[in-house]
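Contents: one structure, followed by commentary.
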Amino acid sequence: MTHASNPRPWYTRILVLHAVLPILFGAAFTVAVATAMGSLLLRALRLPFALGETALMSFVSGSACLSLATFLLCLIHQARWPVLLWGGLTLILWALRQVRPDRSPAHSRFGEPESRPLTRDSQSSSSFSTTTQPPKTLARTGSASEASASYPQPPTPNPQPPFPWLAPLCFLLLAAFFLAYFFNALAPEVSPDGSGYHLGNVARLWRHHGFVWDYHSMYSYLSQGAEMLFLVAFTFGGHSAAALVHFAFLTTLPLLMISYGRRFGLPRAALFAAILAYTCPIAGLAGVSAYNDLAVATVLFAVFYLLQVWDESKDTNLLILIGLLSGFSYALKYTACLALPFALTFVYARTRDRRALIVPLAAAVMIAPWVLRNWIWLGNPFAPFLNRWFPNPWFHPGPEHSYLADLGRYEGINHFWEIPLQLTLHGRLIQGMVGPVFLLAPFALLALRHPHGRRLLLAALVFAVPGYFNTGARFLIPAIPFLSLAMGIALANSWGVLPALAIFEALVCWPTVLALYSDPIAWQIRAIPVRAAFRQDPESEFLDRHLHDYALKEPIERAVAPNEKIFSFSTRAEAYIDRDIVVSYESALGNLAEDILYTPLYHPPIVRRRIGFESQNARGVRIFQTASADAYWTVSEVRLLSRGTGISRPVTGPACVSCEGWRFTAQPNRWEAGLAFDGSPVTRWSTWQPMSPDSRLQVEFGRAEPLDEVILEGPVDAAHVSVEVWSNGLWKPVDGPMQETRIEPPPDLRRAATRQLTGRGIRYLLIDNSDFIAADLHQRAAQWGITKLAEAHGISFYRID
């Protein structure tokens, strides 16, 4: 008998529970605290919804409150487990004490009692029955009986609604997907961005009990509203608990859609749309990962939902909630900033008065903390973007532009007509897919005949805008609920079409079926890892199979001291590796480290420009660049001579701007001007943005120095330079001719490059075999002065000696 056939010992079940229970507690506790805070908020605003709506809106609005509260704790470095635990329990008990057992949905100020049918549609919602006109909401004042009397009574419903088996079947399909999603969320977190910067930021916050002010990566600059929620769950349950919190948003979204359909007399379309949204492959995979896309989609739909409720009730307090959730959208993700102008425009269009200002004022409560944090921390309120408008030493405009351009570039797609097929059937070239039924999306235009259809299509168009600038399919997730509902409204009167399409979509999007026709490398759920979810398979083995970096976790943490840095050309599994990793494209330091490593191979200083002139006592030199080009202007070294001898200059540090009386400046990128005067051939000052005629590099001396020659060294480029000298209180152009010659690269550039990295605190390298310099590092390790410490899955870990 094999070992696998032996029954598991009883104590292993206890170990499994010991591993899983903290995860479930962390996620459940976070959701419970959020729901409690939302319940208190709704009560404070006197916004009692119908019973089902109350639970959903409490969770969504409470998530905004909990995220803000966690932000404040991180600000003062008090995001500690006792504070989170006892603070959360206090809020839960407070919310429970506020519950009135005799509360009836019939007393809702504008929520419709679920026990009283509004239309024939609402009575037969579970059977995809025919849609009628949406009802009016209850008046703000008056008894329930008066409100009931004011409604036109619906026609007598069919005693035998058609297809009574459809509703149980649809909910059975949703339940099946719920279980598949649950086990994937409960399994160890292995998604690229989830195990990378999303939970990497969370783990860093957890270790330091708040924001790490000296850590600079573009992903640490982003608004982190979802990460604040993840931090609460992570504190008690680790990585999977954070993913389960995001899964809670994934499950809330279809319930909100169904609730929307019941309130506005569109239950048939809503149930159809809920199935499409919940079974959508890209939404499912993002929703079970520690991402933020489903949180964004859920909050955006809640904003839209509340706008429709407000449009009928005109309750001013609703505008406060709409504003808070609009601001929370920005806190979740920059691309969701569209929620605020959408809500503000809608409210102003319907009121034409000052009440619309409530929305941005309430939104500012959620937006201002992130804007002020970045403004104070970095000098750029919108970091890591708009760096050309808000120059700062932490991120360069050129790499920002390249990064955004790469996001919007379709690789491998030759014609735009290929995109719908990739989006619905293949999923390889756009990193995911939405499902085959969305090939029928053009039929949603038929919903323009319906008032709600027009609003839904407008919302779908607005919230799909980020998908134009980013080719990843998950950037279209916020538009999916609106498009699905519009499709449901458009096809609602076609007998049997909605249930057939809903069931078909669920079946063809089931993971095992999806694998039969989608591209093998498309980003999608491929299995239901029950054993991994319950930790019956060792977590480390699961992580090692799915995260190649994880195999190097032990050697990295053993060799690298906590205050040392590792350089990598690619994003790593920061959520699991407890060390700071400087990634080439994520910060100015990463850009510089990459540039230094590339110098020996790709752009050594081989061009010398010499300008000689009559000797004069100078107090400074200014070098202008007058050409326009897409390339950057770079200067490896500036040499200042008098009668063939270099004038004495200070030894500059890695970021020296003013050294021993010498002051270096530049336009743009004044922070790195000293690199052109540091005497190292492997460092260079760069504009880090395209050449323009207003670029300059300047040095001012502490005293007058005799000067008759300026030499510029660097790589081949298209720059047109001229020189001015500050003498006798004036900047004067020199009249000597420019001589350009080719020179041999200095020796030992490789070793000089690694020494420059160690001077910046980088003593280790993580290099993929596919990186441009990987082969050279391997073949000339002695010339680089590096030693390989470990290797796994095509990744090499080097120490700089």
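Got a sec? Which of L446, L501, L458 is assigned to a helix (DSSP H, G or I), open to solvent by 40 Å² or more (accessible area, probe 1.4 Å) and touching a residue at least 24 places away in the same chain (Cβ under 8 Å)?
Answer to the check: L446.
How many residues are polar (S, T, N, Q), open to solvent by 40 Å² or more (accessible area, probe 1.4 Å) and either out of contact with any strand residue (DSSP E or B) (no Cβ under 6 Å at 6 or more places or on another chain) or closer than 15 Å to A792 by Cβ (or both) when one looks only at the range 553-578? First the steps, then the outcome.
Keep residues of the range 553-578 that are polar (S, T, N, Q), which gives 563, 568, 570-571.
Then keep just the ones that are open to solvent by 40 Å² or more (accessible area, probe 1.4 Å); that gives 563, 571.
After this cut, where a residue has to be either out of contact with any strand residue (DSSP E or B) (no Cβ under 6 Å at 6 or more places or on another chain) or closer than 15 Å to A792 by Cβ (or both) as well, the list is 563.
So the count comes out to 1.
Yes/no per residue for (1) closer than 26 Å to L186 by Cα; (2) outside any helix (DSSP H, G or I); (3) out of contact with any strand residue (DSSP E or B) (no Cβ under 7 Å at 6 or more places or on another chain); (4) not charged (D, E, K, R):
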position	(1), (2), (3), (4)
A226	yes, no, yes, yes
L255	yes, no, yes, yes
G261	no, no, yes, yes
R268	no, no, yes, no
T298	yes, no, yes, yes
F301	yes, no, yes, yes
statement: When the range 514-559 is checked residue by residue, the ones that are part of a loop (DSSP other than H, G, I, E, B) and basic (K, R) are R526, R535
- line: Note on K788: of the conditions (1) buried (at least 16 other Cβ atoms within 10 Å of the Cβ); (2) among the charged types (D, E, K, R); (3) over 20 Å from F613 (Cβ atoms), unmet is (1)
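Quick check, is W394 open to solvent by 20 Å² or more (accessible area, probe 1.4 Å), assigned to a helix (DSSP H, G or I) and aromatic (F, W, Y)? Spell out the reasoning first.
On the way: open to solvent by 20 Å² or more (accessible area, probe 1.4 Å): yes; assigned to a helix (DSSP H, G or I): no; aromatic (F, W, Y): yes.
The answer is no for W394.
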query: How many residues, within the range 1-47, are open to solvent by 90 Å² or more (accessible area, probe 1.4 Å), part of a helix (DSSP H, G or I) and modelled with pLDDT under 55?
result: 4
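Conditions (1) under 28 Å from A44 (Cα atoms); (2) buried (at least 24 other Cβ atoms within 10 Å of the Cβ), marked per residue:
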{"position": "G261", "(1), (2)": "yes, yes"}
{"position": "L266", "(1), (2)": "no, yes"}
{"position": "F272", "(1), (2)": "no, yes"}
{"position": "D293", "(1), (2)": "no, yes"}
{"position": "I320", "(1), (2)": "yes, no"}
{"position": "G327", "(1), (2)": "yes, yes"}
statement: Counting only residues in the range 403-418 that are open to solvent by less than 50 Å² (accessible area, probe 1.4 Å) and free of Cβ contacts under 8 Å to residues at least 24 places away in the same chain, the one nearest to the chain's Cα centre (by Cα) is identified as A405
- request: Would you check if there is a residue in the range 736-756 being within 17 Å of R622 (Cβ to Cβ), out of contact with any Phe, Trp or Tyr (no Cβ under 7 Å at 6 or more places or on another chain) and open to solvent by 20 Å² or more (accessible area, probe 1.4 Å)?
  value: yes
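A506 - would you say it is touching a residue at least 24 places away in the same chain (Cβ under 8 Å), part of a helix (DSSP H, G or I) and crowded, with 17+ Cβ neighbours inside 10 Å? Spell out the reasoning first.
Details: touching a residue at least 24 places away in the same chain (Cβ under 8 Å): yes; part of a helix (DSSP H, G or I): yes; crowded, with 17+ Cβ neighbours inside 10 Å: yes.
Spelling it out, A506 is indeed touching a residue at least 24 places away in the same chain (Cβ under 8 Å), part of a helix (DSSP H, G or I) and crowded, with 17+ Cβ neighbours inside 10 Å.
Among the candidates W688, W726, single out the residue that is in a strand (DSSP E or B), under 22 Å from S648 (Cα atoms) and not charged (D, E, K, R). Spell out how you get there, then give the answer.
Numbers: W688 fails: under 22 Å from S648 (Cα atoms).
Sole residue among the options that is in a strand (DSSP E or B), under 22 Å from S648 (Cα atoms) and not charged (D, E, K, R): W726.
The values are calculated or read from the model by the stated rules, or taken from the named source; none is laboratory data. Please read all numbers here as calculations on a predicted model, not as lab measurements. Positions of Cβ are generated from backbone atoms using ideal geometry, with glycine treated the same way; all protein chains shown enter the neighbour counts. We work out accessible area using only protein heavy atoms, side chains counted, and drop any ligands, DNA or RNA first. Shrake-Rupley method; radii C 1.70, N 1.55, O 1.52, S 1.80 Å.
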